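First up is the structure itself, then whatever we jot down about it.
The values are calculated or read from the model by the stated rules, or taken from the named source; none is laboratory data. This one's a predicted model, so the numbers in the text were calculated from it and none came from an experiment. Cβ sites come from the backbone with ideal geometry, for glycine too, and all protein chains shown count toward neighbours.
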Amino acid sequence: MPPPDPGGAADESVLVLHVDDEPDFADLAASFLVREDDSFEVVTATNAQEGLDVLGARAIDCVVSDYEMPKMDGIEFLEVVREEYPDLPFVLFTGKGSEEVASDAIQAGVTDYLQKRGGTEQYALLANRVRNAVEKRRSQHALAERNRRLGTLVSNLPGVVYRCVNEPEWPMEFVGGECEELTGYSAETIESGEVVWGADIIVPDDVDTTWEQVQVALETRDPFELTYRIRTADGERRIVWERGRGIYEDNELVALEGFITDITERQHRKHELERKNARLEVLFENSPDLINVHDESGTIVEANRRFCDELGYTEEEVVGMAVWDVAVRATEADVQAMKRETESGDLRRIESTYERSDGSHFSVVNHLTQLDLNGQERYVVIGRVADD
């Protein structure tokens, strides 16, 4: 079973397995390694099989192994280790030095090769080789994990991530994500320049505006946000939203990076909602009925033209008045009772007497309904003068 993935560079502890068939030398080497680097913990084994057992049980960061050992020498041990742990640092620390051994070790995938020498200096060198090998592996794993997460993020984005040159045609150096779903073109086609974003994809009428908006943002080094139209491979027009920013090296602009997503349906829904609201506004303002909207406290928040004209007030004067300022028999207690008794969607008929600004009265038949507008409780009152 392979050891767990190594920690990041911030994890300073290093677990070393030293395999040598001379126990006294293995213990001595372990002591010197720990003395050279107190972040090391060294586990010793006296043969390759014992070393494999340790590897199966402990999360070893680096193997240091002798070459000449009974039953299984250091190269054979390395070959077995590589089958199970392909990237585990392995340092061959051997008293037998020859070009043949070194060549075999390299061919088997050794991380480093160090010949035993007299004196304690060799342990400082060994400790340095081990630390470098472990840090390199940890950095590679951290980078691989970061790239994996980035790849997962990009593959799940509802759009396209890109890196391009700041030129009017926006030549793309990298395109990732749902490129083909958005444009009908593969990422490779766009990256190769066979299809150019600014010339072949952006609708011609939007090219100049897009360029100008980006340049304005780059002048102040601010992120930019754009909405523009594109033309897909099959000729369909779509609306996209883009957010990006300049990338600088040594204070020089070297590229743009950003994200582009399809907002066609959202824009269509927005425009349809705007048209619907415009129609409702016309109906509201031009209705022959007296319409007002008040909140749960009884304060009028909106009124149509007929309501204001009939009462003799301007809209500015009406908004902020209480219901009982208009309906002469209404009280604050009545409004609170109505609130308790009326559920959303209910329609209630109420006969009221309104008082105009000049003090005169008139009868009104109202129909009241409670609505939830953007999370706010509102009461819409549609009234008709009783004589009408």
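Structure data summary
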item	result
Enumeration of residues in the stretch 283-315 that are free of Cβ contacts under 8 Å to residues at least 12 places away in the same chain and in contact with a helix residue (DSSP H, G or I) (Cβ under 9 Å, 6 or more places away or on another chain)	308, 314
Some residue of the stretch 303-324 being farther than 30 Å from residue 183 by Cα, surrounded by 15 or more Cβ atoms within 10 Å (Cβ to Cβ) and of a type in the set (S, T, N, Q)	yes
Residue match in the stretch 89-103 (condition: closer than 30 Å to residue 259 by Cα and either in the same structural domain as residue 22 (by TED's automatic domain parsing) or at pLDDT 90 or above (or both))	no
Subset of the stretch 49-88 [among the polar types (S, T, N, Q) and either outside the structural domain of residue 19 (by TED's automatic domain parsing) or surrounded by fewer than 16 Cβ atoms within 10 Å (Cβ to Cβ) (or both)]	49
Test: residue in the stretch 169-178 that is surrounded by fewer than 20 Cβ atoms within 10 Å (Cβ to Cβ), at pLDDT below 90, under 17 Å from the mean Cα position of the chain (by Cα) and over 21 Å from residue 256 (Cα atoms)	no
Members of the stretch 79-115 found to be hydrophobic (A, V, I, L, M, F, W, C) and in a loop (DSSP other than H, G, I, E, B), listed by number	88, 110
Residue among 46, 120 that is among the β-branched types (Val, Ile, Thr) and either outside the structural domain of residue 141 (by TED's automatic domain parsing) or touching a strand residue (DSSP E or B) at 6+ places or on another chain (Cβ under 8 Å) (or both)	46
Leading residue by the ranking (nearest to residue 134 (Cα to Cα)) among those in the stretch 36-60 that are modelled with pLDDT of 90 or more and among the charged types (D, E, K, R)	41
Enumeration of residues in the stretch 168-181 that are more than 24 Å from residue 215 (Cβ to Cβ) and of a type in the set (A, V, I, L, M, F, W, C)	179
Residues satisfying the stated conditions in the stretch 93-138, i.e. under 20 Å from residue 82 (Cβ atoms) and of a type in the set (Ser, Thr, Tyr)	94, 103, 111, 113
Pick from the stretch 334-379, criterion under 19 Å from residue 322 (Cβ atoms) and small (Gly, Ala, Ser), ranking: farthest from the chain's Cα centre (by Cα)	359
Residue within the stretch 338-357 that is modelled with pLDDT of 90 or more and more than 23 Å from residue 284 (Cα to Cα) present	no
Qualifying residue in the stretch 227-234 (condition: more than 28 Å from the chain's Cα centre (by Cα) and not hydrophobic (A, V, I, L, M, F, W, C))	yes
Those residues of the stretch 304-356 which are within 18 Å of residue 376 (Cα to Cα), in contact with an Asp or Glu (Cβ under 6 Å, 6 or more places away or on another chain) and not in a helix (DSSP H, G or I), in sequence order	344
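For (1) among the small types (Gly, Ala, Ser); (2) in contact with a helix residue (DSSP H, G or I) (Cβ under 7 Å, 6 or more places away or on another chain); (3) touching a residue at least 60 places away in the same chain (Cβ under 8 Å); (4) part of a strand (DSSP E or B), each residue gets a yes or a no:
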position: 188; (1), (2), (3), (4): no, no, no, no
position: 194; (1), (2), (3), (4): no, no, no, no
position: 230; (1), (2), (3), (4): no, yes, no, yes
position: 238; (1), (2), (3), (4): no, yes, no, yes
position: 259; (1), (2), (3), (4): no, no, yes, yes
position: 278; (1), (2), (3), (4): yes, no, no, no
position: 281; (1), (2), (3), (4): no, no, no, no
